[in-house]
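Presented below is the structure to which this report refers.
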Amino acid sequence: MNQIYALRQALGDKDRALLSRIEASLPILADLSRADLLLYLFRAGPAAEALVVAEAKPHSVPAIYPESLLGKAVTPQEEPVIFRALSHGHSESGISSVMVRGTVTVREVFPVRGPSGLIFGALSIETNLVERERHRHRSPVFRQALAELQQMALRGELEGAESLSPFWEHDGILFVDQEGQIRYVSGVAETLYRKLGYADSLLKCNIRDLETNESVFYEAVLQKRCVEREHQEKQLTWVRKGIPIFAPLPRGWRRRLLQRGHYERKLGGVLLTVHDETDARRKEQELRIKSAMIQEIHHRVKNNLQTIAALLRLQARRIGHPEAQERLEESVNRILSVAVVHEFLSHDEGSTINTKEVSQRIVELTEQGIMDPAKGIKLLLKGFDVSLPAQQATACALVINELLQNAVEHGYTDRVGGCISITLARNDREVRIEIADDGEGLPPGFDLNQSATLGLKIVQTLVKEDLRGTFELSNGKGVRALVRFPALSAQGEAK
């Protein structure tokens, strides 16, 4: 990529500006041309090369090159067509000597000429042989409009192209001349307009006679730039694009008019495209409704869990037995830790949950619930944000709650003051949760498999069964609990 930057910087300011305008027009040009576009810059030297500095792949047909070719260098021996266009200054065409995925490719190469008249690059429009034959049998009106569009792109005159959405395989296209007469209608466009009641062909009709919203045509004519608008047509949602097509002036005349400051392009017509967005909008609406329902369900689950926790807490206050009261309080914290996850799910439309934010809420619940202020124990949350799918986040919330509760209850029985830290970390393959205290440590002869409390057994089960990970307890300056498990995508797949 440094080579691409160096080649760009070697150009003059006006040539660089032209190059940027050409690049902005490549995506829509690739779609309408149904071809892969490769933009080359020439690199002089003992061994002449041309380097691909920009590319665009079509949405209207499968791309010839699925992989990126940015930065690829070619020599005159490898690509003579490219270098003939660079040296001779006119377009070149030919069949590629290299078959791509078993397909014969055809390319047409145009020189890129700067404002000074010097050629500094080339644009290669490459398609497969079958698509080229289809194009040859299309209407001469459309082929002429597309050819002029390609030349406009090479002159950097396709203003507003960068804001256009892709042109897809099932989109319709029309060409309307400067008088508003429809001179070309694709088969897809005919089918789309039939949905609005136009059973007869629109060919040779005037656009002003249609009872549809064709404002993009008039906007493209007045603004002399590409325009895109979304309209409702009866029960349909259409996205229309208007691309003005200007006939080129002879090069000498164009330069003279530019120098005089009153270069006026002659409008030949407007390419209009129609995309039926109805199904996509309906699915978006269905997803929004479904998302709202799911969020409402999470909200109600959270409320129900909090109600259950409140009832258990009320019952705990009425029990005179200290140990039973302690067990009920532990159950309350477990329920509230799950409620925290549902609280986040009720507010967030995303498919993942920030486990650090959940951990912060669990820390707050622990401080408000089981911690004795007289003990002077501090809880410290460290690490970066760790986003997890809802199922993993729920298991993590329970694990963190149990380990934190265990450290508070057993690490400082005969001590005052201390610090318990919760550290979250993640890389591409693994999530780590570490809870460490500076308390009394594990008792002599402690065996996790034999001496585990109910809380630690819950942790072992969650880590092994839900998280598919490992759990370790070790002595240090206190107790260190380490949980490790594979990182999953939002779809629940291991990375």
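The values are calculated or read from the model by the stated rules, or taken from the named source; none is laboratory data. Please read all numbers here as calculations on a predicted model, not as lab measurements. Backbone-built Cβ (ideal geometry, glycine too); neighbour counts: all protein chains shown.
Descriptive notes on the structure:
- Matching residues, the stretch 269-300, being at pLDDT 80 or above and crowded, with 17+ Cβ neighbours inside 10 Å: G269, V270, L271, L272, T273, V274, H275, D276
- Scanning the stretch 53-86 for residues that are basic (K, R) and at pLDDT 90 or above returns K57, K72.
- Consider the stretch 447-473 and keep the residues that are assigned to a strand (DSSP E or B) and among the hydrophobic types (A, V, I, L, M, F, W, C). The one that is farthest from C396 (Cα to Cα) is L473.
- E323 being part of a helix (DSSP H, G or I), farther than 21 Å from Q232 by Cα, modelled with pLDDT under 75 and not assigned by TED's automatic domain parsing to the domain that holds Y184: no
- Residues that are assigned to a helix (DSSP H, G or I) and over 34 Å from the mean Cα position of the chain (by Cα), drawn from the stretch 176-203: R194
- Listed by first and then second residue, the pairs with beta-carbon distance under 8 Å, at least 6 apart or on different chains, first residue in the stretch 273-293 and touching a residue at least 40 places away in the same chain (Cβ under 8 Å) and in a helix (DSSP H, G or I), second surrounded by 11 or more Cβ atoms within 10 Å (Cβ to Cβ) and acidic (D, E), are S291/E349.
- Members of the stretch 182-215 that are buried (at least 16 other Cβ atoms within 10 Å of the Cβ), in contact with a Lys or Arg (Cβ under 9 Å, 6 or more places away or on another chain) and more than 15 Å from D276 (Cβ to Cβ): I182, R183, Y184, E214
One line per residue, one yes/no per condition, for (1) over 17 Å from L154 (Cα atoms); (2) within 25 Å of the chain's Cα centre (by Cα); (3) of a type in the set (D, E); (4) buried (at least 16 other Cβ atoms within 10 Å of the Cβ):
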| residue | (1), (2), (3), (4) |
| --- | --- |
| A24 | no, yes, no, yes |
| A56 | no, yes, no, yes |
| P66 | yes, yes, no, no |
| H88 | no, no, no, no |
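- Residue in the stretch 62-85 that is touching a helix residue (DSSP H, G or I) at 6+ places or on another chain (Cβ under 9 Å), part of a strand (DSSP E or B), under 25 Å from F142 (Cα atoms) and not small (G, A, S) present: no
- Against the test of being touching a Pro at 6+ places or on another chain (Cβ under 6 Å) and surrounded by 20 or more Cβ atoms within 10 Å (Cβ to Cβ), the options R34, R107 yield a single qualifying residue, R34.
- Here F142, F167 are screened, and the one residue that is in a helix (DSSP H, G or I) and at pLDDT 95 or above is F142.
- Scoring E465 on the criteria (1) modelled with pLDDT of 85 or more; (2) closer than 19 Å to S421 by Cβ leaves a single failure, condition (2).
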